[in-house]
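Visitor: Dropping the structure in here first, questions after.
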Amino acid sequence: MLVGMGRQRALVVLMLAGALGVVGLMTSSSAHGDEKVIERGPITAVTAPGAGSSRSVGWVYRGHLEDGEFLEASANVHHVERFAEHGRFFGTSAMVGLLERAAVQVTELHGPARLNVGELSQEGGGDVIGHRSHENGRDVDVGFYLLDDDGNSVEPERFVRIGGSGRGGDGEQRVTFDTARNWAFIEALVTDETSPVQMVFVSRSIRRRLVRWARAQGVDPEIVERAEWTLIPPEGVARHDDHFHVRIYCEPGEREACYDRGPYWQWVPESHVPQEAELLPRYWPHD
């Protein structure tokens, strides 16, 4: 487990600045098996070549983006129609690379299905209507992987709210939360060492569903624990029951101009943790 790792990196309990206000982290829930168990190997990290020339400047809620990279629609990436007209698919090279790698990994594990991407940042960054962050290329909203009643992957025209039953509505069509693919996406994020993820904001019910499913599948407990810390239910704002809001850390070479604050998780590479970071004792509860 993470508490036994050689590197004694502490975890920060904090007031989350920027887009999403105060958060409360749910305690763990017991596992239940509602899917076929998938045989898994040992924990692995997704890696890729270094980032390009993009530069994230300032805070996620007050900043801009230099030489941002456009996330292209592809065989693995879908631009959700509700957001396509605005073209806010610009991010840092690190963020774009992360999403492309994660989308490929989901397809390799579970067959063809495209990642439903909402918005990153606008070209050049800055204020984005409808968001309190997304200003410097390190935030992205990603719709859930969904299935129709025949088990086929669905690409919705907008984000779809998913209830506690794992079901939701896409217009006249009812859809089901694709737990296997959504977990594969989260696993790809929390094991990526090239572009380490700081937070994934999502509703309590979705977080619970993913963690329970992963445990039932026999996923490496270290990966499950990473997901438990990273998946954060926001408080005081939209509950994020129709998408994941993913945020990554500043890149090491951006530190003079790019600002973020903790938590800096135990598994985050040393290169991504600023020397002046204040590390507090870990005391968020688990049961």
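Only the coordinates and a few stated rules stand behind these numbers; no lab work does. What you are looking at is a predicted structure, and each value in this text was computed from that prediction instead of being measured. Cβ atoms come from the backbone with ideal geometry, glycine included; neighbour counts cover every protein chain shown.
Visitor: Order by neighbour count: M199, M95, fewest other Cβ atoms within 10 Å first, most last.
Guide: Fewest-to-most ranking of M199, M95: M199, M95.
Visitor: Shape of segment 135-204 from its Cα gyration tensor (a ≥ b ≥ c, root eigenvalues): rounded if a/c is under 1.5, otherwise prolate when a/b > b/c, or oblate?
Guide: Prolate, because a/c is 1.5 or more and a/b exceeds b/c.
Visitor: Before anything else, pin down the relative contact order of segment 108-239: Cα pairs under 8 Å, at least 6 apart, normalised by residue count, whole percent.
Guide: 17 percent
Visitor: What does the C-alpha gyration tensor say about the overall shape of segment 128-280? Classify as rounded when a/c is under 1.5, otherwise prolate if a/b is larger than b/c, or oblate.
Guide: Taking the square roots of the gyration eigenvalues as a ≥ b ≥ c, segment 128-280 is prolate.
Visitor: Something else now. For segment 149-188, what is the relative contact order in percent, using Cα pairs closer than 8 Å and at least 6 residues apart in sequence?
Guide: In percent, rounded to a whole number, it is 29.
Visitor: Here is a follow-up. Whole-Hz Karplus ³J(HN,Hα) for segment 198-213, in order, using 6.51 cos²θ - 1.76 cosθ + 1.60 and θ = phi - 60°, x for Gly and Pro?
Guide: Those phi angles translate into 8, 8, 10, 7, 7, 5, 4, 5, 5, 4, 4, 4, 5, 5, 4, 5 Hz.
Visitor: Normalised radius of gyration for segment 220-267, please: alpha carbon Rg relative to 2.2 N^0.38 Å, two decimal places.
Guide: Computed over Cα atoms of segment 220-267, the ratio equals 1.42.
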